[in-house]
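Below is one structure, written out as structure tokens; the observations come after it.
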Amino acid sequence: MRHDPFSSSENPALRALVYVLQGAIQDKYLAQHPYLGLPRKEFEFLVCFCFPADKRLLIAKARALTTLPVLTHDEFDDLVELFLESRADEAPITRWIAHAMAAACMGDRHLWQDMGLPHRSALNRLIATYFPRLHEKNSGNMKWKKFFYRQLCEREGILICKSPRCDICPDYTQCFSME
């Protein structure tokens, strides 16, 4: 049995959910996917769970976002599917993190930054805990957004690599350099 993910304010899962939820409610990430792509009631439950004292105001703000024009990111749903296929369990928090992580992938910084985490190793632990098969597949420690998009391209049979091996590719530092 896994440790309760909400037992500590230092927990990367709670920290990431709170950060991405705040961004979604403020329309920082995705007006194109209101409620982080979750059903409205589930999103409202998540807001109440993460922000019990502020739930009414935050839910009202989130509902207001649904009136904004819808823009689409085709890869959002593909990313959610990729994450859910490799999830460790069927717990609601795992689903919420999958949606939050897909939303954060639309940000323009490193994924750990777009999820409000203090460093990449916190993101590594989060992915290892909730999406262990994806974590294992990234054995070379590729940057996570690049890795996820590479997985999506491989699913579609799209070859994006310039070289047969990553270690001899001219773009190696873009995929594997320090963040």
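Some notes on this structure:
- Residue tally, condition at pLDDT below 90 and not small (G, A, S), over the range 115-142: 2
- Boolean, L17 is crowded, with 19+ Cβ neighbours inside 10 Å, modelled with pLDDT under 85 and in a helix (DSSP H, G or I): no
- The range 133-162 residues that are of a type in the set (D, E), paired with ones that are at pLDDT below 90 (beta carbon under 9 Å, 6 or more apart): E154/I160
- Candidates are the residues of the range 20-39 that are modelled with pLDDT of 80 or more and either more than 16 Å from the chain's Cα centre (by Cα) or assigned to a loop (DSSP other than H, G, I, E, B) (or both); the one that is farthest from C105 (Cα to Cα) is P39.
- Residue count for the range 70-121 under the criterion of being touching a Lys or Arg at 6+ places or on another chain (Cβ under 9 Å), part of a loop (DSSP other than H, G, I, E, B) and not hydroxyl-bearing (S, T, Y): the result is 11.
The values are calculated or read from the model by the stated rules, or taken from the named source; none is laboratory data. What you are looking at is a predicted structure, and each value in this text was computed from that prediction instead of being measured. Cβ sites come from the backbone with ideal geometry, for glycine too, and all protein chains shown count toward neighbours.
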